[in-house]
Amino acid sequence: MKRNYKPEGRRHRRRNWQRGYSRWQNNERYRLEAASGSTNSSTSAGSSGSAQSSSVPELPGFYYDPEKNRYFRLLPGHNNCNPLTKEEIVKKEMEKKRLLHLEEEKKRKKSSRPGLNASLLLQKQQLGLLPSTTYCRRFHELKVGCMERKEVSLVNPEPIGAGTHNYEFILADSACDRLFVVNDVENGFCKYGLLNLNGLWKDVPTVESHDHPYFTNQKVVTACWASMNAPDSHVLVCLLGKPEAPGCVSLMPAWYFRNMAANYDDVRPEVVYNIRISNAWTCAWCLNPLLECSFAAGLQNQVLVLNTVTNVQHTYRTGSDVLAQQFATQTLLLYNGCRSGEVFSIDLRVPYISPNKWKKGVSFSQSSSIACLRLLKDENYMVVSDMSGQIKLWDLRMVKYVQKYEGHVNSYAHLPVHVKDDDGLLLAVGQDCYTRIWNFQDAQLLRTIPSPHPASKDSIPSVAFSSYQGGSRPVPGLLMAVKKDLYHFTYGSNDN
């Protein structure tokens with residue numbers, strides 16, 4: 001009996017050839033459509049790259065280059081001499097965007113609102129058409145648009161290599177006379193110290209550095225200024241734990257830093273308060289006189305409140321890690337922001353019973369982990385930012401947000417927000433390394449400042465802003481620490 005022979009291998013090869021030919025035809029059609037789209041949109045030079053890339057479909061494992069008008073295969077980041085990876089593509093596009101924005105900064109308009117200038121503001125204020133508070137806020141809005149960048153020189157009384165290490169973050173005191181600075185040193189070490197801002201008024205701005213006597217091999221997670229025997233007399237520092245060294249929270253006097261003893265009275269504590277705490281994410285100092293010399297620490301699934309004089313501590317169990325905290329000054333409330341996105345308050349007037357037997361006060365949530373909390377002077381309002389890039393102004397009485405600030409970029413970082421409600425400004429630095437300034441009342445984006453350095457994960461700027469910073473001779477503006485450099489964006493004299 002004869003068997004019918006079916007050439008399965010030949011049919012399989014033919015089907016594969018037909019599939020490959022149709023795929024090649026589709027790619028050719030997409031390439032021709034992109035080429036025709038690029039010729040039609042050649043008149044708009046500023047948006048040609050984005051228009052071309054958006055008109056071309058995204059193929060898995062391939063990258064479309066609008067300049068060369070073709071697809072390139074994405075390679076893994078290893079075992080290749082010159083790999084083309086998605087990270088390198090994004091980094092290249094971000095750098096091109098940053099350089100373009102730096103050029104636009106030189107040519108941009110000084111005012112974000114049409115017709116806003118100093119002479120018009122002064123005329124309206126003199127005629128009584130503009131309230132004094134609105135005049136001050138419009139004036140700061142105008143000056144923020146005129147800020148000019150200057151590089152700041154670092155002066156150290158004792159040359160120990162100051163200015164040779166990357167800045168981790170900077171933190172201004174309440175009077176904006178000093179900065180607490182954390183620097184990243186080689187081999188995993190950190191150093192921290194104070195910068196005196198009295199030299200910012202000079203033509204070449206200078207700051208004087210006062211360093212800590214020794215380095216630490218533990219990372220500084222967060223810090224805040226503390227008022228023990230004088231305003232901002234101490235610094236509260238949270239250090240990350242290691243297997244060989246547990247984490248701790250240290251309270252050290254400002255005179256502990258070099259050459260700062262002359263700024264304080266003779267009555268000073270002789271020791272540095274130190275408590276071992278593992279996994280401390282945040283800390284906050286209480287300025288309410290009813291709870292003197294106390295601080296809070298946000299830990300893993302709990303909150304710690306401790307009095308540094310009596311050494312009495314209370315622990316409150318939570319269902320999530322506490323990443324942000326702030327005490328109210330008019331009431332005995334402690335606000336906490338969690339990894340789960342929840343924000344809640346602890347009423348410290350209620351007698352403490354146990355870690356599990358307590359009730360939350362105000363409670364609400366945002367869509368992602370909380371990165372920062374900022375109570376306003378009117379403590380019925382709070383600014384909350386999270387790790388999805390949302391910044392919202394909440395009314396704590398109605399428990400609903402009343403304003404939203406668009407444009408901030410954040411996906412996982414613990415980035416602070418700076419609120420200057422007297423000046424009508426809100427500032428934040430995103431993971432894209434852009435510093436954004438909003439009008440606090442109407443949430444209008446006033447200015448977007450690109451970083452002076454190429455954007456990367458380890459070069460996110462840290463900023464401090466004040467309309468009167470600089471010590472004995474106030475010089476308003478924005479201080480920015482990036483990599484090894486410190487910049488001062490001072491209010492410009494151009495009123496156009």
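Applying a threshold of 9 Å to beta carbon distances and a minimum spacing of six or more residues, or different chains, the list of pairs starting in segment 122-133 at a residue that is over 18 Å from D423 (Cβ atoms) and of a type in the set (A, V, I, L, M, F, W, C) and ending at one that is open to solvent by 80 Å² or more (accessible area, probe 1.4 Å) and in a helix (DSSP H, G or I) reads L129/Q123.
With respect to the stated conditions, N311 fails to be outside any helix (DSSP H, G or I), surrounded by 14 or more Cβ atoms within 10 Å (Cβ to Cβ) and modelled with pLDDT under 95.
Given the conditions (1) part of a loop (DSSP other than H, G, I, E, B); (2) in contact with a helix residue (DSSP H, G or I) (Cβ under 6 Å, 6 or more places away or on another chain), and given that I437 satisfies all but one, which numbered condition is not satisfied? I437 satisfies every listed condition except (1).
Here T435 clears all of (1) buried (at least 19 other Cβ atoms within 10 Å of the Cβ); (2) among the hydroxyl-bearing types (S, T, Y); (3) within 23 Å of C283 (Cβ to Cβ) except the condition numbered (3). Take the conditions modelled with pLDDT of 75 or more and farther than 18 Å from P476 by Cβ and apply them to H140. Does it pass? The answer is no for H140.
Limited to segment 455-474, what total is found for residues that are assigned to a loop (DSSP other than H, G, I, E, B) and either open to solvent by 70 Å² or more (accessible area, probe 1.4 Å) or within 18 Å of L415 (Cβ to Cβ) (or both)?
8
If you filter segment 248-284 down to residues that are of a type outside the set (A, V, I, L, M), more than 14 Å from N229 (Cβ to Cβ) and in a strand (DSSP E or B), you find that the one that is modelled with the lowest pLDDT is N274.
Return yes or no: is S462 over 29 Å from D395 (Cβ atoms) and hydroxyl-bearing (S, T, Y)? Yes; evaluated as a whole, the condition is true for this residue. Sub-7 Å Cβ pairs linking a first residue in segment 385-408 that is among the aromatic types (F, W, Y) and crowded, with 21+ Cβ neighbours inside 10 Å to a second residue that is modelled with pLDDT under 95 and not in a strand (DSSP E or B), at least 6 apart or interchain, are Y405/A443, ordered by first then second residue. Just to be sure, is F344 closer than 16 Å to I391 by Cα, over 19 Å from the mean Cα position of the chain (by Cα) and either in a loop (DSSP other than H, G, I, E, B) or of a type outside the set (G, A, S) (or both)? Criteria not met by F344.
Pull up segment 155-164, narrow it to residues that are open to solvent by 60 Å² or more (accessible area, probe 1.4 Å) and closer than 13 Å to L195 by Cα, then point me to the one that is modelled with the lowest pLDDT. The extreme case among them is P157. How many residues does segment 345-359 contain that are out of contact with any helix residue (DSSP H, G or I) (no Cβ under 7 Å at 6 or more places or on another chain) and closer than 21 Å to L290 by Cβ? The total comes to 10. Looking across segment 193-225 at every residue that is open to solvent by 20 Å² or more (accessible area, probe 1.4 Å) and closer than 12 Å to R178 by Cβ, the one that is modelled with the highest pLDDT is identified as W225.
Hey, any hits in segment 397-404 for a residue that's closer than 17 Å to G145 by Cα and among the hydroxyl-bearing types (S, T, Y)? Before the answer, list the steps.
Residues of segment 397-404 closer than 17 Å to G145 by Cα: none.
No: segment 397-404 contains no residue that is closer than 17 Å to G145 by Cα and among the hydroxyl-bearing types (S, T, Y).
Restricted to segment 379-398, and to residues there that are closer than 13 Å to A443 by Cβ and assigned to a strand (DSSP E or B), the residue that is farthest from the chain's Cα centre (by Cα) is L393. Within segment 347-378, the set of residues being among the hydrophobic types (A, V, I, L, M, F, W, C) and either open to solvent by 70 Å² or more (accessible area, probe 1.4 Å) or assigned to a strand (DSSP E or B) (or both) comprises V350, I353, F364, I370, A371, C372, L373, L375. Could you grab me the full set of residues in segment 419-429 that are open to solvent by less than 20 Å² (accessible area, probe 1.4 Å) and either assigned to a strand (DSSP E or B) or modelled with pLDDT of 95 or more (or both)? Within segment 419-429, L425, L426, L427, A428, V429 meet the criteria.
When segment 173-192 is filtered for residues that are under 20 Å from S278 (Cα atoms) and open to solvent by 20 Å² or more (accessible area, probe 1.4 Å), the ones remaining, listed by number, are G188, F189. Going by the structure shown, is A230 among the hydrophobic types (A, V, I, L, M, F, W, C), more than 20 Å from D184 (Cβ to Cβ), surrounded by fewer than 19 Cβ atoms within 10 Å (Cβ to Cβ) and at pLDDT below 90? Yes.
The values are calculated or read from the model by the stated rules, or taken from the named source; none is laboratory data. Model, not experiment: these values are computed from the prediction. Cβ: placed from backbone, ideal geometry, glycine included. Neighbour counts: every protein chain shown. For the accessible areas, the whole protein counts, side chains as well, though only heavy atoms, and no ligand, DNA or RNA atoms are used. Shrake-Rupley method; radii C 1.70, N 1.55, O 1.52, S 1.80 Å.
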